[in-house]
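Student: Once you've had a glance at the structure underneath, I'll fire off some questions.
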Amino acid sequence: MNRLIRLCFIIGSCLVASNPLQAQVHTFEIRLGSHPVGTVEARCNINGAAKHMEIKSSLETRFVSKFTDISCDYNNNVLVQSLVTRSSGKNSDDAKATITRREGARYLINVEGEQSALNNTEILHSVSDLYFAEPKQINRVYSETLGKFLVLKALGNGEYELTLPDGKKNFYRYQKGALKEVEVNHTLGKAFIVRTG
């Protein structure tokens, strides 16, 4: 009888170990001042050496409606491809896209029709990664939206400063390794992305 119980335990453990890890899903509220104006859902699925991340955000104010979908695929911790689509949601004709695709030792990048390439590099960390883990000892991340690397600086106490090409800075704040808040300096003013679940 003990052998049967041990055998069932071993088989059950093997089945659990062979299944892909459960998805991480985090939800955030976008706030301008104290007013909620949108949501962000961040989802990460890991299956063996493959990692797939999706960040979906929607922002609606009296003046602006903005919808953004980010999708990233990694293999063996290296970005293979990403797709970012942005629209006002009113019609699909205003949609803008950024596509990054790895080909050999380089990445081909298409930002709203403008082509460029990153040669002899591997993208190991992107802005999407910031939603799932504190970026300890990382000093640059790839912006899937802008198609370029951005400087990331640790400020201490779980706070990180991300510098955008125009000089504006966003701040990512972590507690026990989990993202709790992003302070975004935007054309609409200062916004906060606050974790809700």
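Student: Just for the stretch 51-110: of the residues that are out of contact with any strand residue (DSSP E or B) (no Cβ under 6 Å at 6 or more places or on another chain) and of a type in the set (Lys, Arg), which one is nearest to LEU146 (Cα to Cα)?
Tutor: If we take residues in the stretch 51-110 being out of contact with any strand residue (DSSP E or B) (no Cβ under 6 Å at 6 or more places or on another chain) and of a type in the set (Lys, Arg), then LYS90 is nearest to LEU146 (Cα to Cα).
Student: On to the next question. Counting only residues that are assigned to a loop (DSSP other than H, G, I, E, B), modelled with pLDDT of 95 or more and open to solvent by less than 50 Å² (accessible area, probe 1.4 Å), which one in the stretch 82-132 is farthest from VAL40 (Cα to Cα)?
Tutor: Applying the filter and picking the extreme gives ILE123.
Student: Right, next: For the stretch 135-167, which positions are in contact (Cβ under 8 Å) with a residue 40 or more places away in the chain, open to solvent by 40 Å² or more (accessible area, probe 1.4 Å) and not polar (S, T, N, Q)?
Tutor: Correct list: LEU146 only.
Student: Among the residues that make up the stretch 23-43, is at least one of them at pLDDT 95 or above, of a type in the set (A, V, I, L, M, F, W, C), more than 22 Å from ARG195 (Cβ to Cβ) and outside any helix (DSSP H, G or I)?
Tutor: no
Student: Further question: Considering every residue within the stretch 183-195, establish whether at least one is assigned to a loop (DSSP other than H, G, I, E, B), within 17 Å of SER82 (Cβ to Cβ) and either more than 18 Å from the chain's Cα centre (by Cα) or modelled with pLDDT under 95 (or both).
Tutor: No - not one qualifying residue is present in the stretch 183-195.
Student: Please verify whether LYS180 is more than 22 Å from CYS44 (Cα to Cα), of a type in the set (Lys, Arg) and part of a strand (DSSP E or B), treating the condition exactly as stated.
Tutor: In short, no.
Student: Let me ask something else about it. Which of the residues that make up the stretch 47-60 are more than 22 Å from LYS190 (Cβ to Cβ), part of a strand (DSSP E or B) and either open to solvent by 60 Å² or more (accessible area, probe 1.4 Å) or acidic (Asp, Glu) (or both)?
Tutor: Across the stretch 47-60, the qualifying residues are ASN47, GLU54, LYS56.
The values are calculated or read from the model by the stated rules, or taken from the named source; none is laboratory data. Every value quoted in this text rests on a predicted model; they were computed, and no experiment measured them. Every residue, glycine as well, gets a Cβ built from its backbone with ideal geometry; the counts of neighbours run over all protein chains shown. Ligands, DNA and RNA are stripped out before the accessible areas are found, and what is left, the full protein with its side chains, is counted by its heavy atoms. Shrake-Rupley method; radii C 1.70, N 1.55, O 1.52, S 1.80 Å.
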